[in-house]
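Below is one structure, written out as C-alpha cells, with a few remarks after it.
The values are calculated or read from the model by the stated rules, or taken from the named source; none is laboratory data. Since the model is a prediction, treat every value here as computed from it, not as a measurement. With ideal geometry, Cβ positions are generated from the backbone for all residues, glycine too; neighbour counts draw on all protein chains shown. In case anyone asks, the SASA skips ligands and DNA or RNA and just uses the protein heavy atoms, side chains included. Shrake-Rupley method; radii C 1.70, N 1.55, O 1.52, S 1.80 Å.
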Amino acid sequence: ESLRIGPSRSYFQYFNLWGDVYSRNVIGLFEGENKDEVIIIGAHYDHEGKDTLGKIYYGADDNASGTAAVLEIAEALSLLKTKGITLKRSVLIAFWGAEEEGLLGSEYFIAHPPAEVPMTSVIAVINLDMVGRNDPKKLFVLGSPSGKSFEESSPDLYKLNLKLNERQEFNFELGYDDGDDCFKRSDQYTFFKVKPNKERIPVIFYFTGLHSDYHTPRDTFEKLDYSKMANIAKLTFLMCWELSALPHKPVYIEK
C-alpha cells in the first residue's frame, strides 16, 4: 500500500540534498494483523554515478544486490497477499536514497515518518547492503557496533537467525564483526541510533564483505554470485516471517 506522505498518498518520499537537487525514498506497506508493530526491510538503491572522466560506477554489489533481494521479498509478500495470507505484524519495504551521501534517506524517514508508521511502531529493521560477492558460504550478520556481542545484545534476532541458518540451503559461515566497522556505514545504523521508546530498535545488517571493486567502475553485474544472493533473500524473508510471529517484541539489551 502507498502511504500518507505529505498531503497525498504516494510511494515516494522526496527530500532535498542541496540547492535544487532532490532524492527520494521508495516505500510501501504490507499491513499485518497487528498494524501497530512494524518490521522494516530495506536497502539503499543509490550509488556513485559517474566520475569526472565519465566512467560509470555501476554499483552491482553496492547496492543493486541488496535492492534486487528486497524486490524479491516484496514480490513474495505480494504473492502471499493474493492468497489471503497476512503476516501477524506489518512489514514496511523501503528503498533508501542518498545512502552514499551519509545515510540521508533513512535519516529523513526517521525525521518525517509516514502517518501509518510512527517510529514508536518499528520493532526491528533488516538491512541488505552488498550481499552478492566473496566466499559463497560467508555471511556477515551485524547487529551491534564492533566489539559488542550481538548474541548478548540482541538475543531474539541472534537466535532466530541462527535457527534459520541451520536449514540445508543456507548453512552460512556467520560472522558478527567484519573488522571494518561497516555497521555504522549503512542504513540500519540510522535506526539503531534512535530510541523512540527509550530503547534501541534491534537491527540486522546482512553483508557479504568489502572487495577490491568497492566504489570503483569495476563493480559490475557479471561478478555477482546470484545463488548466494537468492539464498540471502530467502533467509531475510524467513527472518521477517519468524519475527512477525514472535510472541513478544524483540529486544536490544544495553551493556
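Spin-label point model (7 Å from Cα, Cβ direction): what's the ASP181 to LEU17 distance in nm?
2.6
Any chance you could list P(r) for the chain, counting all Cα-Cα pairs in 10 angstrom bins from zero, rounded to whole %?
7, 32, 39, 19, 3, 0
Count neighbours as other Cβ atoms within 10 Å of each site's Cβ, and list the trypsin sites (Lys or Arg not before Pro) in region 139-226 that are DSSP loop with at most 10 such neighbours.
Values: sites: LYS148, LYS159, LYS163, ARG167, LYS184, ARG185, LYS193, LYS198, ARG200, ARG218, LYS223; in loops: LYS148, ARG167, LYS198, ARG200, ARG218.
Sites meeting the loop and neighbour criteria: LYS198.
With the full set of protein chains in place, find how many percent of the accessible area of the chain is carbon and sulfur; take the probe as 1.4 Å.
Answer for the chain: carbon and sulfur cover 53 percent of the accessible area.
Using a Debye calculation, one point per C-alpha and no hydration shell, please list log10 I(q)/I(0) for region 68-188 at q = 0.13, 0.17 Å⁻¹ in order.
The Cα Debye sum returns log10 ratios of -0.67, -1.18.
Taking a ≥ b ≥ c as the square roots of the eigenvalues of the Cα gyration tensor of region 14-66, is the shape rounded (a/c under 1.5), prolate (a/b larger than b/c) or oblate? Provide the component values of the computation, followed by the final result.
On the way: a/c = 5.25, a/b = 1.89, b/c = 2.78.
Cα axes put region 14-66 in the oblate bin.
Largest first and to the nearest Å, give the Cα extent of region 19-99 along each principal axis.
In descending order, the Cα extents are 52, 27, 16 Å.
Using all Cα-Cα distances in region 72-126, what percent lands in each 5 angstrom bin from 0 up to the longest?
Per 5 Å bin, starting at zero, the Cα-Cα P(r) for region 72-126 comes out as 4, 15, 22, 21, 19, 12, 6, 2 percent.
May I ask for the net charge around ASP61, where only other residues with Cβ less than 12 Å from the Cβ of ASP61 are counted and Lys, Arg are +1 while Asp, Glu are -1?
Every neighbour counted, the sum reads -2.
By how many nm would the segment from LYS83 to LYS137 lengthen if fully extended, with 0.36 nm per residue of separation less the alpha-carbon distance?
Computed gain between LYS83 and LYS137 is 16.1 nm.
Say each of GLU151 and THR120 gets a label point 7 Å from the Cα, pointing the same way as Cα to Cβ; how far apart are those two points in nm?
3.6
Report D for region 1-137 in µm² per second (integer): Stokes-Einstein, Kirkwood Rh on Cα pairs, 37 °C, 0.692 mPa s. Write out the running numbers ahead of the final one.
Working: Rh = 16.0 Å.
Translational D for this selection: 205 µm²/s.
Counting pairs of alpha carbon atoms under 8 Å apart in space and at least six apart in sequence, what relative contact order in percent does the chain give?
On the way: 507 pairs, mean separation 65.4, N = 255.
Result for the chain is 26 percent.
GLU31 label point, 7 Å along Cα→Cβ, cut-off 12 Å on backbone N: hits in region 1-18?
Counting backbone N atoms under 12 Å from the label point, the list is 1-4.
Compute the orientation-averaged projected area for region 146-240 from the convex hull of its Cα atoms and round it to one decimal in nm².
So the mean shadow area of the Cα hull is 7.3 nm².
Tell me, in nm to one decimal, what length is gained between VAL194 and ILE110 on full extension, where the rule is 0.36 nm per residue of separation less the Cα-Cα distance?
Full extension of this stretch gives 29.4 nm more.
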